[in-house]
Protein chains: 2
Amino acid sequence: MSTPIDFYFDFSSPYGYIASQLIDALAARHARSVNWHAIVLDANFQSLERIKIPSSMMRSDYVLRDAERLAAYYGVAYKTPSSLGVNTEQAARVFHAIHDRNPKLGCQFANLVLKAYFIEDRNIAAVEELQSIAAELGIEAEEFQDAISAPASRARVKAEVDMAEARGVFGSPFFIVEGERFWGNDRLPQLERWLESGPY
Amino acid sequence: MSTPIDFYFDFSSPYGYIASQLIDALAARHARSVNWHAIVLDANFQSLERIKIPSSMMRSDYVLRDAERLAAYYGVAYKTPSSLGVNTEQAARVFHAIHDRNPKLGCQFANLVLKAYFIEDRNIAAVEELQSIAAELGIEAEEFQDAISAPASRARVKAEVDMAEARGVFGSPFFIVEGERFWGNDRLPQLERWLESGPY
């Protein structure tokens, strides 16, 4: 089996959401699996190359329109959230707690959170919303509370972010395969060529 | 005849160079013409939405590798210039002087300058290099000197940059068609869909 594709995303990134709707099918076409990694691209994120995408850009008219157009281009349901750029630390904690135990269930949780934010305009920074989504998947209240607040859960997300920083991640979505970095949905055709015919 | 595509580029932008090799053919497929606009995306450039692409990003290992990979992806000859990010004010002055008089000749000049920089690793901030390229196209020394230093030529570039700022341009390459903005080579498929089937 070939190495999996590492897929990094932030729950509040429109482009990360769009990628989440595309990457599994792309990988499957080339008999690859995908490892989903939720990260938190907030002000504390320190990329290896000191690359910082200005937050003014992510909230610009250009990007708002571009995300809508990109979703339409790919046929992905999308509505600009009324509160773009919410804190995603807690969503990431719950994701990793579930995903570490059961990757498939973790991805289901991620998909429901992304759908809640980017289709239903729910506030995924609110603990009640996350809990309601977790409950839909049969996650018990106790496991959920641990995921939200246990020190180990915080440390888990911090380690994930540290690892992303060390690997040169600086945006969402971000893909790494065989050490090669691809940033953005717009690099998916290049990633696909890599999978088809190797390094170029 | 449908409205032309406005194509903005900076002579020192690898992505702008790659776009220059693609845009005319794309436009021709849809019976559109292309208006080439050389701009100078230096520290003085003030985008409408205050979007500033960090120069650290343009010189990062990621972008250097990405530009090489993108060129390979499109089959465009490309060699990272040894002096990436040179000043392109003078190249833009000469371009506009020629292009205003003869658009086709202006584009030929642009292509030779881009080739000099991105294939032959010549320093396109040097007046001698620009003059040698202009001479290849039969531009007389007097016309060249005017283009380099006449107040009208400086004002011409400034007006072009002001117009780009006012239209919401903030990077290279940048395309505008029917008021819709597309930033980057990676938006060419979306631009093409727009030309095929209208707004979406």
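A few points about this structure:
- For B:Ala67, the test of being free of Cβ contacts under 8 Å to residues at least 12 places away in the same chain, hydrophobic (A, V, I, L, M, F, W, C) and farther than 18 Å from B:Ala125 by Cα is failed.
- When the residues of the range A:168-200 are filtered to those that are open to solvent by 60 Å² or more (accessible area, probe 1.4 Å) and more than 16 Å from the chain's Cα centre (by Cα), the one that is farthest from the other protein chains (Cβ to nearest Cβ) is A:Glu178.
- Residues that are open to solvent by less than 10 Å² (accessible area, probe 1.4 Å) and under 17 Å from A:Lys158 (Cβ atoms) within the range A:11-39 comprise A:Phe11, A:Ala38, A:Ile39, listed in sequence order.
- From the list A:Lys115, A:Lys158, the one residue that fits, being over 29 Å from A:Thr80 (Cβ atoms), within 17 Å of the chain's Cα centre (by Cα) and away from chain B (no Cβ under 14 Å), is A:Lys158.
- Condition check for B:Gly85: at positive phi and either charged (D, E, K, R) or open to solvent by 60 Å² or more (accessible area, probe 1.4 Å) (or both): no
- When residues in the range B:179-191 are screened for being at pLDDT below 95 and acidic (Asp, Glu), 1 of them pass.
- Count of the range B:40-56 residues which are within 11 Å of chain A (Cβ to nearest Cβ), of a type outside the set (Asp, Glu), in contact (Cβ under 8 Å) with a residue 24 or more places away in the chain and open to solvent by 30 Å² or more (accessible area, probe 1.4 Å): 4
- Reported count of residues in the range B:57-76, each being among the acidic types (Asp, Glu) and either crowded, with 19+ Cβ neighbours inside 10 Å or touching a Phe, Trp or Tyr at 6+ places or on another chain (Cβ under 9 Å) (or both), is 2.
- Within this structure, A:Lys79 fails the test of being farther than 24 Å from A:Leu195 by Cβ, within 14 Å of another protein chain (Cβ to nearest Cβ), surrounded by fewer than 17 Cβ atoms within 10 Å (Cβ to Cβ) and not hydroxyl-bearing (Ser, Thr, Tyr).
- Taking (1) closer than 14 Å to B:Ser13 by Cβ; (2) outside any helix (DSSP H, G or I) in turn, B:Ser82 satisfies each apart from (1).
- Residue in the range A:23-31 that is out of contact with any Cys (no Cβ under 6 Å at 6 or more places or on another chain), within 14 Å of chain B (Cβ to nearest Cβ), within 30 Å of B:Trp194 (Cβ to Cβ) and charged (D, E, K, R) present: no
- Qualifying positions in the range A:166-183 - out of contact with any strand residue (DSSP E or B) (no Cβ under 6 Å at 6 or more places or on another chain) and farther than 21 Å from A:Thr3 by Cβ: A:Phe170
- Among all positions in the range B:105-114, there is at least one residue which is of a type outside the set (Lys, Arg), modelled with pLDDT of 95 or more and farther than 18 Å from B:Ile18 by Cα.
The values are calculated or read from the model by the stated rules, or taken from the named source; none is laboratory data. Just so it is clear, the structure is predicted and the values come from calculations on it, not from any experiment. Please note: Cβ atoms are built from the backbone with ideal geometry, for glycine as well, and neighbour counts cover all protein chains shown. Protein only, heavy atoms only, side chains kept; ligands, DNA and RNA dropped before computing areas. Shrake-Rupley method; radii C 1.70, N 1.55, O 1.52, S 1.80 Å.
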